[in-house]
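The values are calculated or read from the model by the stated rules, or taken from the named source; none is laboratory data. All figures in this text were calculated on a predicted structure; none of them were measured in a lab. Glycine also receives a Cβ, built like all others from the backbone with ideal geometry; neighbour counts cover every protein chain displayed.
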Amino acid sequence: MNMKSRLVSRPTKPINYAIGMFGTSIPINMFKTYAFIYYVDQLSAITTEKFAMILAFYTVLDAIDNPIYGFLSDSTRSPWGRRRPWLVIGAPLLALSFIMFFNVPAGLGEGSVFWYALIMYMLTGTLDSLINSNYGALFPELFKTEKSRAKTNALRQAFQLLAMIISIALTPMITKAIGYRDTALIYSFMAVSVILYMTFTSHETPEAQKLPKPNLFASIWAIAKNPKFWLYGLTNAAFFAALAVLQQSVSFYAKYVLHSEGAAATIMLATVIVVAMLAILAWVQIIKRIHLMKSWRLALLCVTIALIPLFFTQTLLASTLALVILGFGYGGATVTMDIVSARILDEDKARYGVQREGTFTSLTGILNKTSGLFAALGFFMVSRLYGYKSGEVPGAQPADAARFLISIFPFMIMVVCCLLSLLLHFKDNTAAEEAAPEPVQEA
C-alpha cells in the first residue's frame, strides 16, 4: 500500500481542525470537574483523602504514558498519516471508559468502589492523554504562520469554551434531570462524532512523513535541555493547577458558602466560560497591539487578581462579578498559550530538522498534569485543616474549606505562574516563518 496515494497535500480549513477541541473537551471537562462531587459528595462512596490518592496515582501514570504516546505518534508512518490512526482508535475507547467511570456497578463495597474509581480514572485519563497528544501535535504542522495560528487557535478556544458551557456549566442541571450515567452517554456520542469528523477533514502534510523518525531518548534530551520548554511548561502547569482546583471547587463553594447547589454553580461556571468566549476576539486584537508575550502575561495576571475577591464574597452576584475578570483572563490565556508553544517548536525544528510535536506536546502534558498533584494537595489540606471528609461528614467549617479551595490555594499557585512567565523570552516578535533557520542537525 502506497502512503503517498492516501495523503493529500492541501490546506486544512481552520474550522475543521478547531472543532476538534469541542470533541476532546466535552467528556474530559465533565470528568475532571465532577469526579470529586460524584464519588465523594453525592455517593459518599470514598473519602476526600482517598480521592486525593486517586489524583496522585494518576499523576504518576501520566508522567510515564505521555512521552510514550508522543513518541509513538511522531514515529508513526502510515498510509493515513502520523496522527489519524491514533485518533480513530482512541476516541471510542475514551468514550467507553468515560461512560464506565460514571456508572458504578451496583453492590460494590466502599473498598471496591475505591479500586473501581481508581482504575477507571486512570484509564479515562490516559486515553485523554492519547487523544490530546495527537490532536495538539497537528496544530503547528497544519498552520505555519503566526497569523493563521492566531485565527485557528481563537476558533479552537471558542469551541472549547462552548464545550465547557455544556460539560461544566450545564452539567449540574442535566445530571439532576437524567443522572450522571445518561449524561456521560450523551457527551460520549457527541465527542466521538466530532473527533472523527475533525480527524478525516484535517490534512496532514506528506512532507512530515519524509522527515527522519525522531529518536525517543534523543528527543526527550533535546527538549529537556531547552530552558524555554521548562519555563513554558511550568508556567502552564501552574495555570492548569490553579484552574483545576478552582474548577472542582465551584460546586463545593456554591453548596457551603452560597447555600445553592445546582443553579449557583451553573451561573458561576457559565460566567467564566461565556466571558472567556466573548473575550477571544478582544485578545486577538490585544496580541496585535502589544504582541504575544505581553498578552500572555497580562492574561495570567487577570486570572490571579480575580481570585482575591472570591475569598470575601458571600453572595452569588458578588462572586459572579469577580468571575467576569477571571473569565476575561482565562480567554486570553487559552488564545496565547498554544501560540507560545508553537514558537518554541518552530525553533526546535529549525535547529534539529526533526518534527516532534507529539513528543513536545506530551512532555508539556506531563507538566500540565502535575495539576493533579496540586489538586490532591488542596483536597488533602482541606481534609486536615478543616475536617471535611465527605458529604456525610463535612466537618465544622465547610464554608471556610470552600473559600480556601476556590481562592487562597489557587491564588498562591497563580503568583508562581505569573513570576515564571516573566522569565520566558524570544529574540523578537516576528512570525515563525520569518526566522532564519539554523543548520539542520540531529539531536
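Given the criterion under 13 Å from residue 74 (Cα atoms) and among the acidic types (Asp, Glu), identify the matching residue among 347, 357.
Going through 347, 357 in turn, the sole match is 357.
Out of all the residues in region 27-49, is one or more under 30 Å from residue 249 (Cα atoms), surrounded by fewer than 23 Cβ atoms within 10 Å (Cβ to Cβ) and among the basic types (Lys, Arg)?
The answer is no; no qualifying residue exists.
The rows are residues; the columns are (1) assigned to a loop (DSSP other than H, G, I, E, B); (2) hydroxyl-bearing (Ser, Thr, Tyr); (3) out of contact with any helix residue (DSSP H, G or I) (no Cβ under 6 Å at 6 or more places or on another chain); (4) farther than 25 Å from residue 189 by Cα.
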position: 60; (1), (2), (3), (4): no, no, yes, yes
position: 74; (1), (2), (3), (4): no, no, no, yes
position: 78; (1), (2), (3), (4): yes, yes, no, yes
position: 90; (1), (2), (3), (4): no, no, no, no
position: 94; (1), (2), (3), (4): no, no, no, no
position: 98; (1), (2), (3), (4): no, no, no, no
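Is it the case that region 208-220 has a residue that's under 30 Å from residue 104 (Cβ atoms), under 22 Å from the mean Cα position of the chain (by Cα) and buried (at least 19 other Cβ atoms within 10 Å of the Cβ)?
no
In this structure, is residue 173 surrounded by fewer than 19 Cβ atoms within 10 Å (Cβ to Cβ) and closer than 24 Å to residue 260 by Cβ? It would help to see each step written out before you state the result.
Values: surrounded by fewer than 19 Cβ atoms within 10 Å (Cβ to Cβ): yes; closer than 24 Å to residue 260 by Cβ: yes.
So residue 173 fits the description; yes.
Any residue that is crowded, with 21+ Cβ neighbours inside 10 Å and either touching a Phe, Trp or Tyr at 6+ places or on another chain (Cβ under 7 Å) or within 29 Å of residue 146 (Cβ to Cβ) (or both) - is there at least one of those in region 253-260?
no
Counting only residues that are out of contact with any Gly (no Cβ under 6 Å at 6 or more places or on another chain) and at pLDDT 85 or above, which one in region 130-141 is nearest to residue 59 (Cα to Cα)?
First, the residues of region 130-141 that are out of contact with any Gly (no Cβ under 6 Å at 6 or more places or on another chain): 132, 134, 136, 138-141.
From what is left, the residues that are at pLDDT 85 or above are 132, 134, 136, 138-139.
Working: 132: 16, 134: 19, 136: 20, 138: 25, 139: 25 Å.
If we take residues in region 130-141 being out of contact with any Gly (no Cβ under 6 Å at 6 or more places or on another chain) and at pLDDT 85 or above, then 132 is nearest to residue 59 (Cα to Cα).
Which of the following residues is under 17 Å from the mean Cα position of the chain (by Cα), within 23 Å of residue 380 (Cα to Cα) and assigned to a helix (DSSP H, G or I): 269, 243, 300? Before the answer, list the steps.
Working: 269 fails: within 23 Å of residue 380 (Cα to Cα); 300 fails: within 23 Å of residue 380 (Cα to Cα).
Selected residue: 243, the only one of 269, 243, 300 that is under 17 Å from the mean Cα position of the chain (by Cα), within 23 Å of residue 380 (Cα to Cα) and assigned to a helix (DSSP H, G or I).
Scan region 330-343 for residues that are touching a Leu at 6+ places or on another chain (Cβ under 9 Å) and over 14 Å from residue 154 (Cα atoms) and jot them down.
Here is the first cut: in region 330-343, the ones touching a Leu at 6+ places or on another chain (Cβ under 9 Å) are 330-334, 336, 339-340, 343.
Result: 343, single match.
Go through the residues of region 105-115 one by one and say whether even a single one is crowded, with 21+ Cβ neighbours inside 10 Å and either over 25 Å from residue 167 (Cβ atoms) or in contact with a helix residue (DSSP H, G or I) (Cβ under 7 Å, 6 or more places away or on another chain) (or both).
Our first condition is that a residue be crowded, with 21+ Cβ neighbours inside 10 Å; within region 105-115, this holds for none.
No: region 105-115 contains no residue that is crowded, with 21+ Cβ neighbours inside 10 Å and either over 25 Å from residue 167 (Cβ atoms) or in contact with a helix residue (DSSP H, G or I) (Cβ under 7 Å, 6 or more places away or on another chain) (or both).
If residue 228 satisfies every condition in (1) closer than 30 Å to residue 100 by Cβ; (2) modelled with pLDDT of 90 or more; (3) surrounded by fewer than 22 Cβ atoms within 10 Å (Cβ to Cβ) but one, which is the exception?
Every listed condition holds for residue 228 apart from (1).
Any idea which of 72, 96, 43 is out of contact with any Leu (no Cβ under 8 Å at 6 or more places or on another chain), under 27 Å from residue 141 (Cβ atoms) and touching a residue at least 40 places away in the same chain (Cβ under 8 Å)? Can you show your working first?
On the way: 96 fails: under 27 Å from residue 141 (Cβ atoms); 43 fails: under 27 Å from residue 141 (Cβ atoms).
Every option except 72 fails the conditions.
Within 25 Å of residue 154 (Cα to Cα) and in contact with a Gly (Cβ under 6 Å, 6 or more places away or on another chain) - does that describe any residue in region 51-70? It would help to see each step written out before you state the result.
First pass over region 51-70, keeping only residues within 25 Å of residue 154 (Cα to Cα): 70.
After this cut, where a residue has to be in contact with a Gly (Cβ under 6 Å, 6 or more places away or on another chain) as well, the list is 70.
Yes, because at least one residue in region 51-70 is within 25 Å of residue 154 (Cα to Cα) and in contact with a Gly (Cβ under 6 Å, 6 or more places away or on another chain).
Based on what the data block shows, is residue 76 modelled with pLDDT under 85, surrounded by fewer than 22 Cβ atoms within 10 Å (Cβ to Cβ) and of a type in the set (Val, Ile, Thr)? If you could, list the steps in order and put the result at the bottom.
Values: modelled with pLDDT under 85: yes; surrounded by fewer than 22 Cβ atoms within 10 Å (Cβ to Cβ): yes; of a type in the set (Val, Ile, Thr): yes.
Yes; evaluated as a whole, the condition is true for this residue.
Quick check on residue 64: is it in a helix (DSSP H, G or I), over 23 Å from residue 374 (Cα atoms) and within 20 Å of the chain's Cα centre (by Cα)?
No: the conditions fail for residue 64.
Considering only residues that are crowded, with 18+ Cβ neighbours inside 10 Å, more than 18 Å from residue 195 (Cβ to Cβ) and without any contact (Cβ under 8 Å) to a residue 40 or more places away in the chain, look in region 116-134 and name the one that is nearest to the chain's Cα centre (by Cα).
The residue in question is 120.
Among the candidates 265, 237, 242, single out the residue that is surrounded by 24 or more Cβ atoms within 10 Å (Cβ to Cβ) and at pLDDT 90 or above.
Details: 265 fails: at pLDDT 90 or above; 237 fails: at pLDDT 90 or above.
That would be 242, the only listed residue that is surrounded by 24 or more Cβ atoms within 10 Å (Cβ to Cβ) and at pLDDT 90 or above.
Go through region 157-212 residue by residue and tally those that are among the hydroxyl-bearing types (Ser, Thr, Tyr) and closer than 18 Å to residue 103 by Cβ. Working first, answer last.
Step one: filter region 157-212 for residues among the hydroxyl-bearing types (Ser, Thr, Tyr), giving 167, 171, 175, 180, 183, 187-188, 193, 197, 199, 201-202, 205.
Checking the rest, the ones that are also closer than 18 Å to residue 103 by Cβ come to 167, 171, 175, 180, 183, 187-188.
Result for region 157-212: 7.
Output the residue which, of all residues in region 176-207 that are part of a helix (DSSP H, G or I) and at pLDDT below 90, is surrounded by the most Cβ atoms within 10 Å (Cβ to Cβ). Steps first, please.
Initial filter on region 176-207 (part of a helix (DSSP H, G or I)): 176-201, 206-207.
Checking the rest, the ones that are also at pLDDT below 90 come to 176, 206-207.
Working: 176: 12, 206: 14, 207: 11.
Across region 176-207, the extreme among qualifying residues is 206.
Conditions tested, residue by residue: (1) in contact with a Ser or Thr (Cβ under 7 Å, 6 or more places away or on another chain); (2) over 24 Å from residue 237 (Cβ atoms); (3) at pLDDT below 85.
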| residue | (1), (2), (3) |
| --- | --- |
| 280 | no, no, no |
| 285 | no, yes, no |
| 302 | no, no, no |
| 306 | no, no, no |
| 321 | no, yes, no |
| 333 | no, no, no |
| 353 | no, yes, yes |
| 367 | no, no, yes |
